[in-house]
Structure formats: structure tokens, C-alpha cells
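Take a look at the structure below.
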Amino acid sequence: MTDEPSRITEATVVELRELMGRYPQARSALIPMLHLVQSVDGCVSDTGVQLCADLLGISANEVLGVATFYTMFKRRPAGQHHIGICRTALCAVLGGDLIWDEVREKLGLEDGETTPDGKFSLEGIQCNAACDFAPVMTVDWEFMDNMTPERAAAIIDYLSANQPVRATRGPILAGFRASERVLAGFPDGKADEGPGAGEASVRGTRIAAINRWVAPLGVPIPGVTERSAGDA
Amino acid sequence: MSIAPLTPILTATWDAPRSWKLDTYRSANGYAGATRALRMPAAQVIDEVKASGLRGRGGAGFPTGTKWSFVPAAPGQPKYLVVNCDESEPGTCKDMPLLMASPHLVVEGAIIAGYAIGAHRVFIYIRGEVVHVLRRVQQAVAEAYQAGLLGPRTMGVEYPLDITVHAGAGAYICGEETALLDSLEGRRGQPRSRPPFPAVAGLYGQPTVVNNCETIASLPAILARGAAWYAQFGTEQSKGATIYSLSGHVRFPGQFEAPFGTTARTLLELAGGIREGHKLKFFTPGGSSTPLFTEEQLDVPLSYEAVADAGSMLGTKALQFFDETTSVLRTTRRWMEFYAAESCGKCTPCREGSWWLRQLVARLEEGRGKEGDVERILDICGNVSGKTFCPLADGFVAMVTSAVRQFRSEFEAGYRRPASELFPYERSAVFKSATSAVASRTTRGGEAR
Amino acid sequence: MSVDPTASPKQITLTIDGIQVSVAQGTTVLRAAEQAGVFIPRFCDHPLLKPLGACRQCMVEVPDAGNGRPLKLQTSCTLEVAEGMKVATQATSELAADTQAGVMELLLVNHPLDCPECDKAGECPLQNQAMLSPRQVSRFDGVKRTWPKPVPVTPTVMLDQERCIGCQRCTRFSAEISGDPLFVMLGRGAETHLAICPDAGSGGYFAGNAVQLCPVGALTSSDYRFQARPFELISTQSTCDGCAAGCQLRVDVKNGRVVRRLAGDDPSHNDEWLCDRGRYGFRSTQAADRLRTPLLRVDGQLVEVSWPEALDAAAKGLRGLTGSQVAVLPGGRLTLENAYAYARFAHTVLLTNNIDYRGRAFSDEETKFLAREQAGRTPAQLVDYAALERAKRVVLVCFEPEEESPMVFLRLRRAVRRSGLQVLAVAPYLSAGSRKLGAKLIACAPGEEAQSLTALGHTIDRDTVLLVGERAATAAGALKRAVDVTTASGAKLAWIPRRPGELAAIVAGCLPTLLPGGRAVTDAGARADLMAEWHVAKLPTSVGYDLAGIAVAANAGEVRAIVTGALDLRDLPDAGLMREALERTFVVSLEVRRSEVVQYADVVFPVAASDEQDGTFIDWTHSRRPVNAALSDQATPPDVRVLAAISQALGSNLGFHTTAAALASYDALSRWFPNQQMLPAITAADPPPSVPGNAILASWRQLVDDAAILDGATALRDAAPAAVARMSQATAAATGLNDGAIAQIGAGGTWWRGPVQVTPGMVDGVVWVPTLSDTATHGRLNALPGERVILTKRGISLAGSLRGGDGA
């Protein structure tokens, strides 16, 4: 399926083996392993499929069966930046469809395609669990909340010009492959970037704080220092 | 005593500076619940959780303590706890902010639950498309190891416990617990035949408990403050408080932690009401798989029992509000496309039924419907409902049939006119788009592929 | 499903549609319903595959799960019975009937309505079920999924993706039964589809079963596509002639021509499976070189003559020759009746014991082994398929089950998966088949099998079964040692030949030491019994010549006439000597096709192929397997009739003219028992003479190769495994070879050339080549396993290094 030669090296194999060692049964590592393959090759390459199969002692078809089941696994290389636009009902109605048209037109891409220069790929995604920030866009699986067509276009322009763009809840976008590496289970040290939660996430917490609404304290239990969380 | 309209417990520290750090969490009484639990016999922890009335937050609302008690005692046999953070039900957006803002709630909850069921190995399965959430959880687990909270001596007690953070790769069906186990074993995430139930033969064929993220996160407070404290909130059959997620055409969408039994009207008010100049058309009480409610049900107490009595399901407590600009055909079609894409493809009724329904709803939305399509939709739904292995198909059947029942005339209008004429789509958008060329064009959903 | 006969499972009583039925615990409701006479429609369910519950066609109501409480609608294929359970199927439950009709409509949403051009139409479970559905016209008026089609999965199997209903029978067959990766489900949702595994290769030897399993026309056979409609077929149940496994099959005939073979259903043998050799290996008798009329050599040319002319000529050539002057070579593909006719023809008409059916590599050790250990087997000594599943351990000696007896392979694999059978392979490397059995390699250079068996020591115990292949004849001492270790340990021993006629020939007395029934030709008592039974005054008394002895005696002028059955000279260890023997003697050939032997014959009689006659095969388990004529061609009688006619022309009497009478005559001998004491004890053969060489040859036949019976099976031949020379890395390196390089293997002036496949774990100093491969491409090597050969790179002249060889 893949045209480009694989960039998998011996170092990748070492890391794949490390992933296998993290589970009681090595096959459990298959999804993380495929994420790692994507972090190297930009997709689940044929080389990666065979390598995972060989390492796990299963057939390549079993690996392929898994790789084609999960939408995050690509059989053709994703772009340097992978753009997802939520197409499920709520985001679509709230404006996601307009963003979709804008981005599709701007990049000249249909669902699942990658620009010829390999810079961007586009995917219509399903609900990404950020409905309170709708319409939702993702870039490299980082949240780009409360999107508008104009902002989406601007983000693409910045990224095209290699200007830094920060996720609304997360770090500066570092590319599809970098995110895939984190997904594989190799942290990038950026956990502390961005807010604790977004504006919408803390809405209730803030309303409660303003109104001094707290959950009642419990009956003191011997041995447990009682302190209301709200006192923190 | 009177209970406040909002009762931040899980959400209490979300707005604190660096809320996700261990230090922040600890300074807010973090790990007190686990400290207490680990000094109790495991059976007593289960009893405490049973007494609290805690019910699973993943949608089905099964009593958590009861689920735990199905795990055979069998000492020496490996047992597993899997925390289900595959949050994918449309409209549901509580677990991701929870993991991002307060991941230690889940780490602590996992220690409590793992200890209670005798598991020494915990997997936190997080959907893959949310990389920053994963970072926070990876870091929280690493912090917990560094602080000696995890490992050979959990929180200083002679009980080894390890947590592995695992990212999924995009599959709604993996929220179903047996599909999740298959996925965690490195397979296509297809639901398993039951029996055997996971409590007897789950991950690697060993006794396994799969609990939702919010369920696990609820444990620290219950253990720290006691079952009786928790049981004072909520309703008779739905005890405690929970996170309600409000989204859609409301002024201030967000997460609202309130006791069970709070009405949608109360929550809607807290969210600033429907956006200015518009009025409510319909809402989902618990995600897209739950039958639609309208204004008439705004005062239904949002408890498992009351919502069921009103003909829907509390589900994941994901309230998606849509105003009068919204075409129900458009939402139905998009949700139908969601289910068709997410069906695992194994069972005929789900695979083929979603294919067919998607086409029928699509042509109605486009104003190309044929007389009888509406009846046909209901009939197909009848042929699909209850005929499949897992509840995914029942979810879309509930969604579609409730939409038809509540808004039949709108469906029938699809015999003649496109929904986009009756409900110009740009009016539903929450922004005013400057790129009018795009905005004025009718956006069509994905063609049946 | 095989059930351990020693355990009697608990019986569960339930009620299905008001009919009470008791079944074994663990039975599914669907199977229990069958026992109650209620058929529940199904597609994904198959009795030999694990339940899946995917198609949802078999849903039933369960008003009482046995605990007084109802269940929601259940798939009867996954639901296990429970005591007191009450089930209502579509026959009594409106809900179940409606549900099934609804599922049927959904199944057809994406299924093309191309029945008029689909091979499956007329025998299609989906079509049949759809015709029974109350809704005869689909309400679906939308867009159906389309796929490129048809896609060749293997040379023999075509995939029509659009027709697939996702039952996963084929994927489960691959995973659970054959172990050959062939199909995989890819994608999900409505995009879920069957795909061809990237590592499917040629598909293995069992791909045809997937076609037969497919409940729709998604998988079709490239050989049978568009050949016939089911209503045009006349079907006959028979036994496969592809090997000695005894598989039951169904032969489908259209317009007097076999167009298809399908697996029969026989749990004692092949279950519902068939290997592709058996499935597609029926075209050779339809070849242009098929013999239909007798031939007579006139002025050096074979010309067509009438039967009386041919019989006169045969009689003229044979008349007056008896004893050591004549010989009979019946071949190894005969039914019991035909083999018995050859034996009786030799013993009573030609008065000779110069008879040897083998026509392949053999040894004196094997002659003795076959006489003592096979011809005279008692029921207690017998091993059958079920015994393989009861065993704890199976040791393979000179035997590659997947290549040489594929149904044994499938049975072993089932036992490995179900009951943890351990397989040990005494072999030079772990073959693909052995790997699929999870076998442990007892590494052994060819010729050293006897020592390896000794070294296994107490590993061979009473729960062990030794499976020894016919190649053991080339491993000096192996057969004797196999008998010794099994006798000492209480283990069981089975000898598994390749060809379907071997056992029948042995018991019928087609060996120079044997009379029919496992009695020695030197046993005066046995001879007296037979003379009385056969009403003859005289029987030859001394041991005759074996195959090699016949060739030598013919060349020496002692043997002057030879009567041959179907014989493939390529299978002979010293074909050159036999060619000279045939050249020098008067040859009467009974043949199906114009084979190489025919070129040497003076009189040729056309005989019936196995699908043209009734009869009996005896399989490796020593059980009788019925052969039924799927075609009746009066022009080509069975060997029995030809031999009877020749006897008559000679003024003698064979004693019977028909197959049925031949069997009756043979069965009349069953009141006598074999007398092992009169048979010579087994002695180890001498190792092969030492010749110069840098490697030891290992070799066996591949299931799909250049075999004559596969002529005409073009698609199957295309799926044949590549012919490679296998050797270890060290062996290759020592010769300057590497993977893919062309190796030359030479012996006695003959050659085999082909690419090297470096084979990890292979015994150093051993080179493996297939025994029979395309001669034009690879040449032919005249050497036996265990002999030394010269291994070199292509292009290196070996003229100086080979005794008597010039590399031509």
C-alpha cells in the first residue's frame, strides 16, 4: 500500500520490543506498536505490518485486520499535520460543516487525502469528546476548540508558513508523527503545557465557586483528615 | 440539610493552578480515600462502595459494588482492572476534561478498585484521538510511581499494584467492555459472547472488572468521606452526584457536577439557557443513543429511573441541546452515519441495517424521499432492534425511532423538500461566517460510501 | 464433532417447539433442534467451526431459559442448552419467524441479485432460504456496495466480494482447520469485507474447502466456474483416489463428464474436508491421451485393434511362459478387486510369484515389514483417525503429513488444537506442515531415522503413535526399529503410504512373498487352502522376484513377458533398468492413458479409471472404502475383466469376471488367518553404498507436483509450491550458495537444478529437493533420500568429480 520506503530502523525494533514488554501478553502491545510505526513511517507501512507480525509471532493478516479496524491507523502516509474536523451531528450543526467546506476547499483535499507536498492530510472525524467546545477541529490529535472557518484557515496558513501554532488545550503543534509517538507510549515531556481544563470544562466549577456552592462535608471518618476539596 | 445545585467533588479542583499535578491533588486531600481503603479488608471496600449506591457512569448504570462482587475470590489467580476512558458516545465529554484536569482522581480510584477486587494490574484505556489527555495521564501515573504510590508497595502497604496507560486507535465500539478487552489484547475490537462475563473470564481469560473513568474517579471521595456521605445526594435509586455535560445551542456549554435528579431545566439555566433569540427544539438526555427529549421533558429529574420512566435513558448524562434552527433530519443522518461508520460489521442487522437506514435518512434530508420511507425506517428499526450481539444497533434504533416519533412531519417533508431549505444550515452555526461563499452553499454530508 | 468415546457427557433435556429432546451438555440449541427434527436456518454456523453468532439468521425465542425466566431473542448457534429450557423457533414463534424474515431482508440489502449468473445458484443456502422467506421482493431500493470482481484469491479460488455476507466461515476455516492464512476480514462497519491475506501465497492445499464452505457464491472455484448448473449434475458418492487417506467424496457429472468433486461427510475419515489434490485431481482421465481401444504393436507401431485381436495377441505372447519367465507389475493405485485379480492372475494363470505392486523405491526390509506388519495386521494393532486424537504424542518418521497424507495432517492439527497432542517430527528440518502442527523437530539426516528413534527412548510410550511413511523404505533400519520400539513400549504404529492402492495390493498378495490374506507363498498349508478354494491344481512355491529382481531378470533374459498395470516409470528408483527390461520383454499393459509404459508395450488394454468403476479402496487405517462409478464407460472395463478375458484366451480361468465376484472370491479367503510365523523376520536393510558427494539427499513428494493424476488440473498446478533446494545457511555457505541462488544437485550423471531456499534449523550437510518436479525446468535426479549427492553452484562443471557422470 505504501509507496515510500520505510524509515523503520533497528532503534524502532528496540522500542517495539519495549512496548511488548509492558504487557502480560505481548500482543496487547499491537495497537501501541502500530502507533509507533505511524510515528516513524507516517502510516502503518507494509514493513511495519510485517515487523509487528514477526515480533509478535502472528500472521501479517492478523495485523492488517487490526490495522484496518481502527480509524487512526492510516494505510497511506498522513500529512506532516493531520487535520480532523468533527462531522458528527452536534459539531456539524454548530458549524462544523462550514469549517469542513472551508478546509477542504483551501487544501484541495477530500476525506482521507494528503496534499501532494505531504504537508497536510484531512479527515472527517467522529465525535471527539469535546462537545462543549463545538465545533471541534483537531490538528495532530490536539484540540483546536470552538473553531470557525476563518480560524481554521488562519491555522492552516500559519502551519503552511511553519509558524508555531498552539493547541487550545495543549502544546505547540509538533506534527502527526510526534503525536503518534506519545500515543505509542513514549511521553514527550509536554504534559504541563496548556490549561488544566478549558473554559467550558470549568464552567460548573466556577459557577459553584462564585455561588459558594460546595458538596457537603462527610461525617468525619477516623484516620482521615477531612478537608473539603473546595478549601484547596 | 439542603444540597447546593452544583456539588463539585470530581470537578472541585479543575480550576486550580496546575490542577493535574500530584502536589495540587494531594493538597486537596488527594489519596486520602486510597489511604483508608488500603487499611480496610478488600471485602469491606466493596461493601462500602455497595452502600454508597455508586452506579457505573459509562451509560448502563450498573451498581459498581455489585459488579465487583462477581469477581471470584480465587487468590493467586491474576485479576485485572481496566479503566474505560474510551469516551466516544456522541455528546459525551466529561471523562476527557476529568483526565486532563485531575488525572490523579483516576489513579487513586484505580488503586481503590484494584485493591478491592484483588487486581495487581490496572490498565487505563484511553481513546487515542486526544493526545494531550494521554500526556496528563501518563505523567500522573509516572508521578504516582515516583511518589511510591504505585509499585511493589502501593502507598506503603504490602500490596503490589501496577498501572499501564494504553491508548486506543479510534473505535467507538471499544467503549463496550468486551470489545475493549479484545482491543486491549491487540485484536479487532469486536464484542465478545457472554457468558462468560468479564468478571469471570475477561482480559487474557482472567477475572476482569471494566469500570468507566468517572466511576473510578468517584471512588476516592466515597472512600474518604464514607458511603453514607455519598448516599445523601441524589435520588433513591441514583445516589450521589455526577457530571452532566451540556453542549449545543446553549449560551455557556460545559461540565456541571450536580446531584442525580437535577432537572435539565436547572442545568440549562446554569448554562445560560438556549442561545439568545432561539428556543429549545430537542435534546439528548444521555448521548446520541438515548431517545430525544423536548421541552416537555425539561423537568424530568435526571436520574436513571426517572429518565427511563420518561421513555429515554440517562446514559452518559450528555445533554446535547438543539434549537429551532436545527433540522432533525440532519442530526439523525449524521448520527446514523456515525453508527454506520462505528459498527464493528460483524452482525448482519447492524452492518446492513445501518447501511440502509443511512441511505433512507440521507435521501429524506435531501428532499428525495419516497412515500413510505418513514414507515420503512421504523420497520427496519424493528428488524434491527434486539437482534444484535451488542447494544450499538439498539442505540441507533433508539435514536432514529425517537426522532421519527417526535418529528414525524419533518421526516415526511423530506418527500418533497430538502431539509436545508426548511432549515438553512448557516442559521444553526454558532458563528457568523465571513466566508459567505462557503456559508451560503448547502453542505451535504458524506455520500454513502 | 469428535467426542471422546470414553467420556459420556451429561445429557440435558429441553423442549424445542414442544418437542422434548435430550442432548449432550454443551450442545447448542441449533444442533439440539436438528436432533429434534427442527431445522433452524443459518449461514455462519458450521458444525466443524467454532460458533460465531454473526449472521443472526438463527434467532429463536427462549420463553424459559431453564430457570423459569425468559431470555431476549437468542442466536441458537451460540446458545448452549440448559436443563428444562424451552425454545420456540420460527416454526412456533411469530417473533422468531418475523425476526428471521427481517434478518433475511437485511442480508440481501448488499447481496447482488445476480443469481442467474452465479455458480452457487441452485445449491445456495442464501438463495434457498430467501425463497422460503415470506417477503419475496426486497424493499431495498438504494445503493449497494460494489467491489472489483472477481478477484483471484489463489489460482484455484475466485472471490466475488459483493456476494459475501460476512459469515466468516472461510476465515475460521483458515484459522481453526488448515492453519493457512488465506482470508482476513478488513475494515469495519458496512465497509467490513473479506480480503486476501498478503501472505496467502498459493493458498496451501486446502483452499478448495473454503469454496465449499461458502454459503453464498462469494468464493468460487476457477476450475468449476460457469461449468454447470446444479440441476444438470448427477452426483455419486465415492472415495478419493488422490492418496491413501480414504476420503469420502461426491463426484458431480454433467453430460457424461466429471465436472467437480466435493468433500463428502464422513466423521471417521475426512469430516467435511478434502485436499485440493483430491478435489481437482480428476482431469487426467479426460486428457487427449486417454485410451479407449486396445492397441497392438504392428511393425513397431501401436495400432488400434479390436478386443478379440488384442486378446489373441496377448495370449499368444504369454502362452507357455510360466514361473520365473513372467512377471506382473500391478502398480499402487488399484482397488482391492483389481489388485486381487492381478494376484490371482499371477498365482494361478501365470503360475508365478514374480509380482510386485510397488513401482517405487523399496527395500527388502520393507518387503518383510509389509508382509509381517501390514498384510497380517490384527484389529488390535490398527490405528485409525480417532486413535490419532486419543494419542498424547505422535512421532512422524519419514512422513510429512501435509504433503503425503493431508487428511492425517488436518486430524493431527485438530488434536493439537483441541487436546494438546504433541507432535515430534523426525526429519531434516521443520517443514511448513510440521510448524502448523506445532511439532518439535527431532533433527535427523535422512538414513539416520533408526538411530533417532532409539534416541527418543522413553519418549515413545504407550500413549504414543508412530506414523511411518512409505519413504521409510529408503531409510535403512527405520522400519525394523519402528517395529521394535513400538513393540517394546506398547506404542502404536501406523504405516501411511501415499498411493490409494497400496494396502489393497498388500492384502491381496501383490508382493513376491505373499499370497492373498497375509500368508506366505512358502507356506504349504496356505497354498493347499488356496488351491482348494481356487480349484487349481498347482501354485508356485518359491518366493518370486521383487521389482528390482524382475528388472534384472528381464535384462538377463530370464523373465520374457511382463504384465503391467498403471505404472509411472518416473517413480521407479532405477527407471533406466526397467525401461531396458520392458524393451526386451513381451509387455501387456493395462492402462488408462498412453503412459510411458505404453510406449514399450506389445499389447495395450484400455481400463477404467477409478471414477468409472465400482470397487473398494483400502485406506491406511485398513478400512474398506467404497468406490462407486460416477461414469459408466463400457469401452473401458476394469482390470478385473481384462485379466479374466486374457485368462480365458490363455485357456485358463481367473475364477471371476466381475468386480463383485472378485470381492466375493477375496472375502471367501477371510476364514483363514495370516500366519506371521511363516513370514521372514524383518531385518534391517544395508545403508546405501557410499558414493562421492558433499551432501546427503533429503526428498519427498509434494502434494501438488508433476504427478500424472494432476494432469489437466491446470489451476491447481499453478498453485503448486515452488520447487526449491533447501539447505541450512552453513551448507549453502560451504558451497558458496545463498538464498535464491541456483543450486545444482547431481548424482550418477543426473541433475536437479533450482533456487536455494535457506532453511533455518535444517541439519547441516543435507540438501532437500522435491522428488518430482517439472523435468524440463529442473531436470531429474536419480538418487534416493539418504544417498550422497554433489551440491554446487550452477555452472560449475562436475565432470571430474562425479563417477561416470558428464553433467549432461
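The values are calculated or read from the model by the stated rules, or taken from the named source; none is laboratory data. A quick note: this is a predicted structure, and the numbers were derived from the prediction, not measured. Virtual Cβ from ideal backbone geometry, glycine too; neighbours counted across all protein chains shown. Remember, those area values only see protein heavy atoms, side chains included, never the ligands or the DNA or RNA. Shrake-Rupley method; radii C 1.70, N 1.55, O 1.52, S 1.80 Å.
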Looking only at segment B:77-96, decide whether some residue is touching a residue at least 24 places away in the same chain (Cβ under 8 Å), hydrophobic (A, V, I, L, M, F, W, C) and within 7 Å of another protein chain (Cβ to nearest Cβ).
-> yes
Residue count, segment A:92-140 (criterion: more than 12 Å from every other protein chain (Cβ to nearest Cβ), under 20 Å from the mean Cα position of the chain (by Cα) and not aliphatic (A, V, I, L, M)) | 7
Selected residue (only one of C:G189, C:G203 is within 14 Å of chain B (Cβ to nearest Cβ) and in contact with a Ser or Thr (Cβ under 6 Å, 6 or more places away or on another chain)) = C:G189
Restricting attention to segment C:170-226, the residues that are on the phi > 0 side of the Ramachandran plot and of a type in the set (A, V, I, L, M, F, W, C) number exactly 1
Being open to solvent by 10 Å² or more (accessible area, probe 1.4 Å) and within 11 Å of another protein chain (Cβ to nearest Cβ) narrows B:R376, B:R333 down to just B:R376
Counting only residues that are out of contact with any His (no Cβ under 9 Å at 6 or more places or on another chain), of a type in the set (D, E, K, R) and over 24 Å from C:E591 (Cα atoms), segment C:253-289 contains a total of 5
When every residue in segment B:182-217 that is touching a strand residue (DSSP E or B) at 6+ places or on another chain (Cβ under 7 Å) and facing another protein chain (nearest Cβ under 10 Å) is compared, the one most open to solvent (accessible area, probe 1.4 Å) is B:Q206
For residues in segment B:141-172 being crowded, with 19+ Cβ neighbours inside 10 Å and assigned to a loop (DSSP other than H, G, I, E, B), which is farthest from the other protein chains (Cβ to nearest Cβ)?
-> B:L149
Residue count for segment C:462-491, restricted to those that are touching a Gly at 6+ places or on another chain (Cβ under 7 Å) and closer than 17 Å to C:L421 by Cβ = 1
Exception for A:T148 within (1) within 30 Å of A:M20 (Cβ to Cβ); (2) within 7 Å of chain B (Cβ to nearest Cβ); (3) surrounded by fewer than 22 Cβ atoms within 10 Å (Cβ to Cβ); (4) not aliphatic (A, V, I, L, M) falls at (1)
Give C:D199, C:D180 a once-over and let me know the one that is surrounded by fewer than 21 Cβ atoms within 10 Å (Cβ to Cβ) and under 27 Å from the mean Cα position of the chain (by Cα).
-> C:D199
Return the residue satisfying two criteria in turn: it lies in segment B:97-130 and is touching a His at 6+ places or on another chain (Cβ under 8 Å) and more than 7 Å from chain A (Cβ to nearest Cβ), and of such residues it is nearest to A:I85 (Cα to Cα).
-> B:I126
Boolean, C:A695 is buried (at least 19 other Cβ atoms within 10 Å of the Cβ), at pLDDT 95 or above and among the aliphatic types (A, V, I, L, M) = yes
Is there any pair with a first residue in segment B:275-304 that is at positive phi and a second that is buried (at least 21 other Cβ atoms within 10 Å of the Cβ) and hydrophobic (A, V, I, L, M, F, W, C) whose Cβ atoms are under 7 Å apart and which are 6 or more apart or on different chains, and what are they?
-> B:G287/B:A318
Return yes or no: is B:V49 farther than 23 Å from B:G286 by Cα, more than 11 Å from every other protein chain (Cβ to nearest Cβ) and open to solvent by less than 20 Å² (accessible area, probe 1.4 Å)?
-> yes
In the set C:A244, C:A327, the lone residue that is open to solvent by less than 10 Å² (accessible area, probe 1.4 Å), within 19 Å of the chain's Cα centre (by Cα) and more than 18 Å from C:A608 (Cβ to Cβ) is C:A244
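Within segment B:381-391, take every residue that is hydrophobic (A, V, I, L, M, F, W, C) and at pLDDT 95 or above and give me the one that is surrounded by the fewest Cβ atoms within 10 Å (Cβ to Cβ).
Step one: list which residues in segment B:381-391 are hydrophobic (A, V, I, L, M, F, W, C), which gives B:381, B:384, B:389-390.
From the residues that got through so far, the ones that are at pLDDT 95 or above too are B:381, B:384.
Values: B:C381: 20, B:V384: 27.
Step by step, filter segment B:381-391, then rank; the result is B:C381.
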Can you confirm whether segment B:27-37 contains a residue that is of a type in the set (S, T, Y), part of a loop (DSSP other than H, G, I, E, B) and farther than 29 Å from A:Y70 by Cβ?
-> yes
Considering only residues of segment C:634-659 that are closer than 23 Å to C:A532 by Cα, open to solvent by 10 Å² or more (accessible area, probe 1.4 Å) and of a type in the set (G, A, S), which is farthest from the chain's Cα centre (by Cα)?
-> C:G651
Any residue in segment A:81-91 that is open to solvent by 20 Å² or more (accessible area, probe 1.4 Å), at the interface with chain B (Cβ under 10 Å from one of its Cβ atoms), in contact with an Asp or Glu (Cβ under 7 Å, 6 or more places away or on another chain) and on the phi < 0 side of the Ramachandran plot?
-> no
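Looking at segment B:340-362, is at least one residue assigned to a loop (DSSP other than H, G, I, E, B), under 22 Å from A:T88 (Cα atoms) and more than 14 Å from chain C (Cβ to nearest Cβ)?
Looking for residues that are assigned to a loop (DSSP other than H, G, I, E, B), under 22 Å from A:T88 (Cα atoms) and more than 14 Å from chain C (Cβ to nearest Cβ), one finds none in segment B:340-362, hence no.
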Residues of segment C:457-491 satisfying the condition of being assigned to a helix (DSSP H, G or I), over 19 Å from C:W768 (Cα atoms) and open to solvent by 20 Å² or more (accessible area, probe 1.4 Å) | C:G457, C:H458, C:T459, C:K480, C:R481, C:D484, C:V485, C:T487, C:A488, C:S489
